[in-house]
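Peer 1: This structure is in structure tokens; I'll ask about it shortly.
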Amino acid sequence: MTDPIANYLTLIRNALRAKHQKVDIPSSRLLVEITRLLKDEGYITNFKVTEEGSRSLLRIYLKYGSRGERVVSGLQRISRPGCRVYSSTKEIPPILGGLGVNILSTSRGVLTGAQARKAGVGGEVLCSIW
């Protein structure tokens, strides 16, 4: 697998379209941090890291509205292995006028766009979620 973040986003997108309650994804520290931000922003219900044999899995519990509608309507990979996208503090783009979230990898760790602006740091724009 050359791009684990794109795989992560695709697995979540497919699970949401199929109305699954949870999805298991191969775990890494970066993916756990991205998932933590998704939980803090209210896009998922919960998550936990489980061990199955020698593999570590990230189990994400998806969130739906009162009538079964998806809370996450879109996920998009921005920076790819073939084309990295970096942004300074002033250039971090808002998503849908502030209704969505950018996730950045910065020198202070993985942050949302708003957290990075507040901290005054830029970094690699990993993905956008709305």
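The values are calculated or read from the model by the stated rules, or taken from the named source; none is laboratory data. On a predicted model such as this, the values are computed, not experimentally measured, just so you know. Cβ sites come from the backbone with ideal geometry, for glycine too, and all protein chains shown count toward neighbours.
Peer 1: What pairs come out if I take residues in the stretch 102-130 that are at positive phi and pair them with residues that are at pLDDT below 95 whose C-beta lies under 8 Å away, six or more apart or interchain?
Peer 2: GLY120/THR89
Per-residue answers, yes or no, for (1) small (Gly, Ala, Ser); (2) assigned to a loop (DSSP other than H, G, I, E, B); (3) under 23 Å from LEU11 (Cα atoms):
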| site | (1), (2), (3) |
| --- | --- |
| SER56 | yes, no, yes |
| GLN76 | no, no, yes |
| LYS90 | no, no, no |
| ASN102 | no, no, yes |
| VAL110 | no, no, yes |
| VAL121 | no, yes, no |
| GLU124 | no, no, yes |
| SER128 | yes, no, yes |
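Peer 1: Just one of ARG29, ARG67, ARG55, ARG13 is more than 18 Å from TRP130 (Cβ to Cβ), touching a residue at least 12 places away in the same chain (Cβ under 8 Å) and out of contact with any helix residue (DSSP H, G or I) (no Cβ under 7 Å at 6 or more places or on another chain); which is it?
Peer 2: ARG55 is the lone residue from the list that is more than 18 Å from TRP130 (Cβ to Cβ), touching a residue at least 12 places away in the same chain (Cβ under 8 Å) and out of contact with any helix residue (DSSP H, G or I) (no Cβ under 7 Å at 6 or more places or on another chain).
Peer 1: Can you go through SER87, SER54, SER27, SER107 and tell me which one is under 15 Å from ILE5 (Cβ atoms) and not charged (D, E, K, R)?
Peer 2: SER27
Peer 1: Please indicate, with yes or no, whether at least one residue in the stretch 63-71 is over 12 Å from the mean Cα position of the chain (by Cα), part of a strand (DSSP E or B), aromatic (Phe, Trp, Tyr) and more than 25 Å from ALA116 (Cα to Cα).
Peer 2: Yes, that holds for at least one residue.
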